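Q: This is the structure I want to talk about, given as structure tokens.
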Amino acid sequence: MARKRPSENLVGVAVMAALRHPLTYRVPQELDVRAGHRVLVPLGKRRVVGIALEPVTRVAPGVELRDILRVLDPEPLLSPELLTLGLWIAEYYVAPIGEVFRTMLPLRAETRRVRLVKLTEVGRQKLKELEASLLEEARRGPEADLLRYLAGRPGSEPAGVPIESLRTRFSAFRDLVPQALEEGWIGVSEVERERGQRKTFSVRLAGPASDAGAPFAVGGPVPDRTGGRLSPVARRIVEILERVGPARDHRELLKSAHTSLATLRKLDRAGIIELNDSKTKLAQPTGQLEDGASRAETPSRGGVPSLELTSAQAAVFKELAQRLESHRFGVALLHGITASGKTEVYLRLIARCLERGRAALMLVPEIALTPAVESQFLARFGNQVAVLHSGLTERERHEAWWEVRRGEAKVVLGTRSAIFAPVGDLGLVIVDEEHESSYKQEETPRYHGRDVAVVRARLAQALAVLGSATPSLESYANARQGKYHLATLKERIAGRPLAEVEIVDMREEFRQTHTNVPISRRLAEEMQAQIGSGAQTMILLNRRGYSWFLLCRSCGESIRCVNCSISLTYHRREHRLVCHYCGYATGLPTRCPACDSEYLYYVGEGTEKIEQKLSELFPGARVERLDRDVARRRGQFQRILSAFRRGEIDILVGTQLIAKGHDFPGVTLVGVVSADLGLALPDFRAAERTFQLLTQAAGRAGRGDAPGRVLVQTFFPEHYAIRLAAEQNYEGFFSKEMRFRRLMHYPPSTALANVIAQHAKLEQAARVAAEIGRFFARPEVSSQSLKVLGPSPAPLARIEGRYRIQFLLKAGSRARLNQVLRQLAEECDRQGVAPQSVMIDMDPMSLM
């Protein structure tokens, strides 16, 4: 290695490209580059964004160094803590370092480059000539219009007019501006500007005032504060606010009501609505907390009613608060049964953390869960809360990120990616429902949000709290071994009993009825009783769509995806066959594409079909469905949940979305259809996922005053996952499943990695697999401490047009496994294997 020249200032840069290592760049004297700065650098013939790392003291001889072009932000965006976290993720998950930092950063810079057009002195002279011309086409022509427009705007834009303004204003822009530039009439310059933040408002119905009279009724005459009546447009605004609650962004309300901001301002002046700066955050009203506890009468210091802790909650809070106040890193696993009050413990810990002057961060597994939790956070902590997840618009994420970066928000709530929020002086990290597989990212970088949360807490000397009613085997094993502190909540709030679970053997149902029906007679009988008593029912089927697939009864072929090795699912609402992996969709064939037979048969049932069947079985009942197809439509998810909570829906059918973290006091019956669906998957976690899903679903019943009942329909009632879930016996399941994991060398007893060679051409995928296989066969790689299974076709041998060949790696030492994976990545780079042709997944959550 050669030393750098004394006059040179060199720095490592993690460029936003599929490169595993930082590149070295020279820092021009006029630039102030610090670690964590976002910089623009040349890469080949392109200019790319990168993150500046530490100074470089040595470079290899013969390396041609290039200069950093500019610094994109006034201050470093990433703190030393986040830089260290990103480097750890890149190393542990064997991910390109630039891709890691791309994931961690906001989508937009605080500033942007703007090209400004300004009239030159030559242009002013030309304008005078044109205006003095005797020809009207010269005086009124596009050249004169452009020059006149630029001449008439000196006050508003001293440096010139944004070129985008000209592009939208002048239809002849493409010919006009190049001509003006060539003639020297205009000059173009680039400036750095702060991004303009369009002001947004929150909107809510005004509270009752002394002079307002009685509240108006939806559908009837709506008086304004002056005693008049509202226009149809104003009535629409009022009805939307009454139906869906306060709007956090007035623009969404404008779209829904087909109106303008001027109308909202008029209603605000009339006292019908309240229009506030959107930074004044609105707490949505919630009658119950997620964990089902009822509110005490005593208001908290913030004016919001607080919850009285049970003795068990108080004991857990005390021990966790002591750990929090020690200002030392630690991990606690909060194992609390469903409806035991974990959420209130989280809220108290966050409040204590804020009292000590430190910030807090909480992760939830699904975007769909954030509104319910957010309302509680806003009620407790007000404007100190920022929400971060991929469901927000780019602008919303950008603003929330900078709100946290500037220290305006001390409490961050979000999904997996919120773990990268630029929180200063982090004291508490909470991962709710820590067992959920959605915390694992399924594209590069393939990090696990829960494990990254633990590492971030260690870097910040903070307390990490992992909460679940059904902890992952990895977390519970760590608690058993003393690596994590174990805190338990073994009783429900107010002494409510766990729901009584009954297993319905569908084999016996078929013997007696000679029909294969999705709803058993026992479940139908219980649902009829529920409707008669006015109680609510939840039906869980973890399969969306109408039918699983379309089968030809003549030749036995199913209609398959053109990109993936999987059958297409029939969606009745769209009347299309859809692939749930790549999104490919096609119309319904009238005859079999393989044999031209007309005998096509719909196999299996999804949530759409169950919804239809229940509407037919109980014509007077109000039936709704909630799955990802419904949740994709903006506002639908929250609308259905709110209506169900208010008792406006009798039967709610859904996938696992309805089994997670919701609290519905009116639900006294939960039915699980096809409980054994997941057990047939070729994945070592199949039993664990089935146990967790059934236990969580059972936890939705009996959270109010009335006791709950759960009916589990299955063709495999003897399976230990179903039997122990019915008993809600986590300890029993953990012991039995761990014996299987140890016997078969699966996590948590063994470290595991999944390596997949993939390519659009099968022959090329096979070549890459052969290259990987030769690497694993080397004497210095293969050893008794590392076991390699494969190569073999992946369970899903083709996804999104790429053929997939799989290797499974098992090792007793996680460090040894990680070392081999990094050596594999280096070898693939040396052999010229494209990064996208090798997928490396450390600690995989799925082997499909």
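The values are calculated or read from the model by the stated rules, or taken from the named source; none is laboratory data. Since this is a predicted model, take the numbers as computed values, not measurements. In this analysis, Cβ positions are derived from the backbone assuming ideal geometry, glycine residues included, and neighbour counts consider all displayed protein chains. Each accessible area value is taken on the protein alone, full model and side chains, heavy atoms only, with ligands, DNA and RNA left out. Shrake-Rupley method; radii C 1.70, N 1.55, O 1.52, S 1.80 Å.
Q: Within the stretch 419-464, count every residue that is of a type in the set (Phe, Trp, Tyr) and closer than 27 Å to Cys582 by Cβ.
A: Looking only at that region, the number is 2.
Q: Considering only the stretch 141-153, I want to know if a residue exists there that is at pLDDT below 80, open to solvent by less than 60 Å² (accessible area, probe 1.4 Å), assigned to a helix (DSSP H, G or I) and hydrophobic (A, V, I, L, M, F, W, C).
A: Checked against the condition, which is being at pLDDT below 80, open to solvent by less than 60 Å² (accessible area, probe 1.4 Å), assigned to a helix (DSSP H, G or I) and hydrophobic (A, V, I, L, M, F, W, C), the stretch 141-153 yields no hits at all.
Q: Does Glu396 count as open to solvent by 10 Å² or more (accessible area, probe 1.4 Å) and over 22 Å from Trp88 (Cβ atoms)?
A: When the stated conditions are applied, Glu396 passes them.
Q: Restricting attention to the stretch 607-644, report how many residues are among the basic types (Lys, Arg), in a helix (DSSP H, G or I) and in contact with a Ser or Thr (Cβ under 8 Å, 6 or more places away or on another chain). I'd like the intermediate steps shown before the answer.
A: Of all residues in the stretch 607-644, those among the basic types (Lys, Arg) come to 609, 613, 622, 625, 628, 632-634, 639.
Filter once more, so that each one left must be in a helix (DSSP H, G or I): 609, 613, 628, 639.
With in contact with a Ser or Thr (Cβ under 8 Å, 6 or more places away or on another chain) added as a condition, the list becomes 609, 628.
Here the count works out to 2.
Q: Scan the stretch 749-773 for residues that are closer than 30 Å to Ser475 by Cβ and more than 26 Å from the chain's Cα centre (by Cα) and jot them down.
A: Ser749, Thr750, Ala751
Q: Let me ask something else about it. Which pairs do you get when a residue that is of a type in the set (Asp, Glu), found in the stretch 475-500, comes within reach of a residue that is not in a helix (DSSP H, G or I), reach meaning Cβ atoms under 8 angstrom, with the pair 6+ apart or on two chains?
A: Taking only residues 6 or more apart or on different chains, the pairs are Glu491/Thr310; Glu491/Ile337; Glu491/Ser340; Glu500/Pro707; Glu500/Gly708; Glu500/Arg709; Glu500/Val710.
Q: Would you be able to say whether some residue in the stretch 761-777 is touching a residue at least 24 places away in the same chain (Cβ under 8 Å), β-branched (Val, Ile, Thr) and over 29 Å from Gln692 (Cα atoms)?
A: Yes.
Q: Just to be sure before I move on: is Phe664 more than 23 Å from the chain's Cα centre (by Cα), farther than 21 Å from Tyr476 by Cα and surrounded by fewer than 24 Cβ atoms within 10 Å (Cβ to Cβ) in the structure I sent? Break it down stepwise before answering.
A: Working: more than 23 Å from the chain's Cα centre (by Cα): yes; farther than 21 Å from Tyr476 by Cα: yes; surrounded by fewer than 24 Cβ atoms within 10 Å (Cβ to Cβ): yes.
Here the answer is yes, as Phe664 does meet what is asked.
Q: Residue under question is Glu608, and the condition is that it be acidic (Asp, Glu) and open to solvent by less than 40 Å² (accessible area, probe 1.4 Å); does it hold?
A: Considered against the rule, which asks whether it is acidic (Asp, Glu) and open to solvent by less than 40 Å² (accessible area, probe 1.4 Å), Glu608 comes out as yes.
Q: Give the stretch 445-492 a look and list any residue that's open to solvent by less than 10 Å² (accessible area, probe 1.4 Å), of a type outside the set (Ser, Thr, Tyr), part of a strand (DSSP E or B) and over 30 Å from Pro835 (Cα atoms), or say none.
A: Leu463, Ala464, Val465, Leu466, Gly467, Ala487, Leu489
Q: Looking at the stretch 54-78, which of its residues are touching a residue at least 60 places away in the same chain (Cβ under 8 Å) and surrounded by 18 or more Cβ atoms within 10 Å (Cβ to Cβ)?
A: Leu77, Leu78
Q: Continuing with the same structure: List every residue pair whose Cβ atoms sit under 8 Å apart, with the two residues 6 or more apart in sequence or on different chains, where the first one lies in the stretch 388-412 and is in a loop (DSSP other than H, G, I, E, B) and the second, anywhere, is polar (S, T, N, Q) and surrounded by fewer than 20 Cβ atoms within 10 Å (Cβ to Cβ).
A: His389/Ser417; Ser390/Ser417; Glu408/Asn383; Ala409/Asn383; Ala409/Gln384; Lys410/Gln384
Q: Now, a different point. So for the stretch 528-546 (the condition being among the aromatic types (Phe, Trp, Tyr) and open to solvent by 50 Å² or more (accessible area, probe 1.4 Å)), does at least one residue qualify?
A: no
Q: Against the condition modelled with pLDDT under 95 and within 28 Å of the chain's Cα centre (by Cα), how does Ala697 come out, does it pass?
A: yes
Q: Could you check Pro747 against (1) free of Cβ contacts under 8 Å to residues at least 24 places away in the same chain; (2) of a type outside the set (A, V, I, L, M); (3) surrounded by 14 or more Cβ atoms within 10 Å (Cβ to Cβ); (4) part of a loop (DSSP other than H, G, I, E, B) and say which number it fails?
A: Just one mismatch for Pro747, condition (1).
Q: Continuing with this model, one more query. Does Arg265 satisfy the criteria of being touching a strand residue (DSSP E or B) at 6+ places or on another chain (Cβ under 9 Å), surrounded by fewer than 16 Cβ atoms within 10 Å (Cβ to Cβ) and not aromatic (Phe, Trp, Tyr)?
A: yes
Q: Filter the stretch 828-848 down to the residues that are in a helix (DSSP H, G or I) and surrounded by fewer than 17 Cβ atoms within 10 Å (Cβ to Cβ), then identify the one that is farthest from the chain's Cα centre (by Cα).
A: Out of the qualifying residues, it is Arg830.
Q: Would you pick out the residues in the stretch 341-387 that are open to solvent by 10 Å² or more (accessible area, probe 1.4 Å), among the acidic types (Asp, Glu) and assigned to a helix (DSSP H, G or I)?
A: Matches in the stretch 341-387: Glu355, Glu374.
Q: Test Gly647 against the stated conditions and say whether it is touching an Asp or Glu at 6+ places or on another chain (Cβ under 9 Å), surrounded by fewer than 16 Cβ atoms within 10 Å (Cβ to Cβ) and either within 22 Å of Thr569 (Cα to Cα) or touching a residue at least 24 places away in the same chain (Cβ under 8 Å) (or both).
A: Numbers: touching an Asp or Glu at 6+ places or on another chain (Cβ under 9 Å): no; surrounded by fewer than 16 Cβ atoms within 10 Å (Cβ to Cβ): yes; either within 22 Å of Thr569 (Cα to Cα) or touching a residue at least 24 places away in the same chain (Cβ under 8 Å) (or both): yes.
Criteria not met by Gly647.
Q: If I filter the stretch 432-446 for residues that are farther than 25 Å from Thr690 by Cα, at pLDDT 95 or above and of a type in the set (Lys, Arg), do I get at least one hit?
A: Looking through the stretch 432-446, none of the residues is farther than 25 Å from Thr690 by Cα, at pLDDT 95 or above and of a type in the set (Lys, Arg).
Q: Identify, from the list Val623, Val630, Val603, Val578, the residue that is open to solvent by less than 70 Å² (accessible area, probe 1.4 Å) and in contact with a His (Cβ under 6 Å, 6 or more places away or on another chain).
A: Val578
Q: Can you find even one residue in the stretch 105-116 that is in contact (Cβ under 8 Å) with a residue 12 or more places away in the chain and farther than 30 Å from Val177 by Cβ?
A: Looking for residues that are in contact (Cβ under 8 Å) with a residue 12 or more places away in the chain and farther than 30 Å from Val177 by Cβ, one finds at least one in the stretch 105-116, hence yes.
Q: Can you run down the residue pairs with Cβ atoms below 9 Å, 6 or more apart or on separate chains, where the first is in the stretch 594-622 and over 15 Å from Arg553 (Cβ atoms) and the partner is among the β-branched types (Val, Ile, Thr) and open to solvent by 30 Å² or more (accessible area, probe 1.4 Å)?
A: Matching pairs, first to second residue: Lys613/Val517; Phe618/Ile531; Gly620/Ile531; Ala621/Ile531.
Q: Looking only at the stretch 774-807, how many residues end up being part of a loop (DSSP other than H, G, I, E, B) and either under 36 Å from the mean Cα position of the chain (by Cα) or surrounded by 14 or more Cβ atoms within 10 Å (Cβ to Cβ) (or both)?
A: From the stretch 774-807, those part of a loop (DSSP other than H, G, I, E, B) are 777-782, 784-785, 800-801; that's our starting set.
Okay, now just the ones that are also either under 36 Å from the mean Cα position of the chain (by Cα) or surrounded by 14 or more Cβ atoms within 10 Å (Cβ to Cβ) (or both), so 781-782, 800-801.
Total meeting the criteria: 4.
Q: How many residues are surrounded by fewer than 20 Cβ atoms within 10 Å (Cβ to Cβ) and of a type in the set (Phe, Trp, Tyr) if we restrict to the stretch 93-107?
A: So the count comes out to 0.
Q: Contact list please: Cβ distance under 9 Å, first residue in the stretch 237-249 and at pLDDT below 80, second residue in a loop (DSSP other than H, G, I, E, B) and among the polar types (S, T, N, Q), pairs at least six apart or on different chains.
A: Listed by first residue and then by second, the contacts come to Gly245/Gln284; Pro246/Gln284; Arg248/Thr200; Arg248/Ser278; Asp249/Thr200; Asp249/Ser278; Asp249/Thr393.
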